[in-house]
1. Just the number, please: percent antiparallel of the DSSP beta bridges in the chain, rounded to the nearest 5.
2. What are the ³J(HN,Hα) values, in whole Hz, obtained from phi via the Karplus relation 6.51 cos²θ - 1.76 cosθ + 1.60 with θ = phi - 60°, for each residue of region 32-46 in sequence order, with x given for Gly and Pro?
3. With a cap of 16 neighbouring Cβ atoms within 10 Å, and only residues DSSP puts in a loop, list the trypsin sites (Lys or Arg not before Pro) found in region 229-261.
4. Work from the charge dipole of region 244-345 (Cβ charges, +1 for Lys and Arg, -1 for Asp and Glu, about the Cα centre) and give the residue of L267, A328, L290 farthest towards its positive end.
5. Roughly what would the spin-label model give for E322 and D186, points 7 Å off Cα along C-beta, in nm?
6. For a quick check: with amide H placed at 1.01 Å from N, whose amide H comes under 5 Å from F198's, ignoring anything fewer than 5 positions away on the same chain?
7. Order by neighbour count: W111, W164, W332, fewest other Cβ atoms within 10 Å first, most last.
8. Among all lysine pairs in the chain that are eight or more places apart or on different chains, how many have alpha carbons less than 25 angstrom apart?
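The numbers here are math on the coordinates, done by the rules we state, and not lab data. Keep in mind the model is a prediction, meaning the values are calculated, not measured. Cβ atoms come from the backbone with ideal geometry, glycine included; neighbour counts cover every protein chain shown.
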Amino acid sequence: MKIITPSTTELTQGRAATPMAFIRAIVLGYRRRGMNPANMLEQARISPDALDDPCARVTAAQMELACGMAMQELDDEALGWFSRRLPWGSYGMLCRASLTAPTLEVALKRWCRHHRLLIDDLTLEFSHQRSSASVSIHEARDFGEMRELCLVSTLRYLLGYLSWLVDSRIALSESSFPFAAPPHLDAYPYLFPGALRFETTQAGFSFDSRYLSLPVRRDERALQTMLQRALPLTVLQYRRDRLLVHSVSQLLQANPGAAHTAEQLALQLNLSVRTLHRQLKEEGVSLQSLKNEVRHERAIKLLLQTRKPIKQIAAAAGFDSEKSFARAFRKWTGVAPSSYRDGAAA
C-alpha cells in the first residue's frame, strides 16, 4: 500500500462518520510500542484534544491516512493488535495468495487458512450451511482496549477484499460482535449494512451463499493497482452488487401487488435511485422488466391455481385495472387471461 498525503481540504471533505474511538485505538498502538503518534495525528489533521471527545468523528480520508501512516511508522499492518507485528506488505501477500482462486468460496477458504500463517492470536473460521455462508472470529487472547478496532478491521479487511475480488458488493445478512453496542453505534451500518447483533459469543458476519459461486475477476495487474490504495476498501462500501437483480426480484415477489417505486426499492437496498438504475442496466435489465416478470409469474400462478375473478388477479398482480392487466397479459402470452385459464383447463 502506498501513502498519499492529501490536502487539508481533501481530508476534511465529506461526512465525518468514523468514530474517534478508532483513532484512539491507533494511538494506543503507538503508546504500547513507546512511540509518539504526533506525526500521524498532524498529517491526518486530527487534533489531540479531540481524542477524548466521545462525540468526535473523522472523515474516511482522515481514517485512511491515519491507518496508513501508523502502519508505516509502527511497521505493523495490524496497528499493534497482535502479539507480533505484521510487517508492511503482509496483507498484500495474503491478498495475492487468494488471487488465483476460481471462485469466491475458494478465495475465502484460502484467506482463512493463510491468515493463520501470519498470526495465531485469532483465527478466521468459514462455514457454509444451505443458503447462508458465514465467517466468524475465534479470539485466542485478550485484546483489551484495542478489541473493537481489531475485530471490526479484521472483518472489514476481509469483506472489502472479497468484494473487490469478485467486483461485487456482498450484501450482509447479519453481523455480530462480542461486546456491548458502543456509543458510536450509528457508525456501524456504514461498515456492516444489514442486521447488527451485539454481546454475542463471537464476531462475524453472514451472507447469501450464492455469492460463493461468483468467479474471481481480478489479476496481478489489478492487484498491484488496488494495493496502491487498499485502505478505502476497508471503510467504504463496494457499490456494484452482482446479486442485485435477485434481491430486487425478491422484494417485488414479497408483495407483488404493491407499486414498488424505484425510490422505495432503493431505500430498502441501501442504494441511491441512480445507483439502482445504473447497476440494473449493467446487468442488462431494467426495473420495469423485473416488475413485468414478477407480475407475469404471479398472474400465471393465480390463473392456474385459483378460481379468483380476473379483476382480483389483476389487482393481486399489481395492476390498477382489469383492462391494463388484460392488455399486458396479451403481450406476454398472445391470449387473454380468461382464454389462458380455459386453455390450461382443457
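1. Details: 21 of 25 bridges.
Just about 85 percent of them are antiparallel.
2. 5, 9, x, 10, 9, x, 4, 5, 4, 5, 5, 5, 7, 6, 10
3. Details: sites: R229, R239, R240, R242; in loops: R229, R239, R240, R242.
Listed in order of number, the matching sites are R229, R239, R240.
4. Checked the options; the winner is A328.
5. Spacing of the two 7 Å Cα→Cβ label points: 5.2 nm.
6. F177
7. On the way: W111 22, W164 18, W332 15.
Result, fewest neighbours first: W332, W164, W111.
8. So the count of such lysine pairs works out to 15.
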